[in-house]
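Read-outs throughout are calculated quantities, based only on the coordinates presented, and are distinct from any laboratory measurement. As the structure is a computational prediction, the values presented were derived from the model and not from experiment. In this analysis, Cβ positions are derived from the backbone assuming ideal geometry, glycine residues included, and neighbour counts consider all displayed protein chains.
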Amino acid sequence: MKIPKVYIILLNWNGFLDTIECVETLNHVKYKNFDVIIVDNGSTDNSVAEIKKKYPQIKLIINKNNLGFAGGCNTGVRYSLKNNADYILLLNNDTIVTNDFLS
């Protein structure tokens, strides 16, 4: 039986510390068929550099401007759909998840 592919989209705007903390909890998730997509929404701090340094393996999409919540998330949704997502989860970057939250 095929395990559905889930794309988890985190929207970051000048909040790399929250984003990093969220990704750390996602690293312990038991469900195995998911990818994290971080969309930086025009941050003016050093978010992009910090996220790239900490997580070079995670897809980071950089919006030049702050497109707002919906616009930023839509960037990630479009990417996920082009990459055959079965499910898309929009997750606030200040969320802490349990290891079984996708199961």
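Among the listed pairs 5/59; 59/82; 5/30, which are separated by more than 21 Å between their Cα atoms?
none
Give me the extension gain from residue 81 to residue 46: residue separation times 0.36 nm, minus the current Cα-Cα distance, reported in nm with one decimal.
9.7 nm
Can you work out ³J(HN,Hα) from phi for every residue in region 43-53, in order, using Karplus 6.51 cos²θ - 1.76 cosθ + 1.60 and θ = phi - 60°, giving whole Hz and x for Gly and Pro?
Each residue of region 43-53 in turn: 4, 10, 8, 9, 4, 4, 5, 5, 5, 4, 5 Hz.
Which distance in nm do the two modelled labels at residue 69 and residue 27 give, with both placed 7 Å along the Cα-to-Cβ direction?
Going by the 7 Å Cα→Cβ label model, 2.8 nm.
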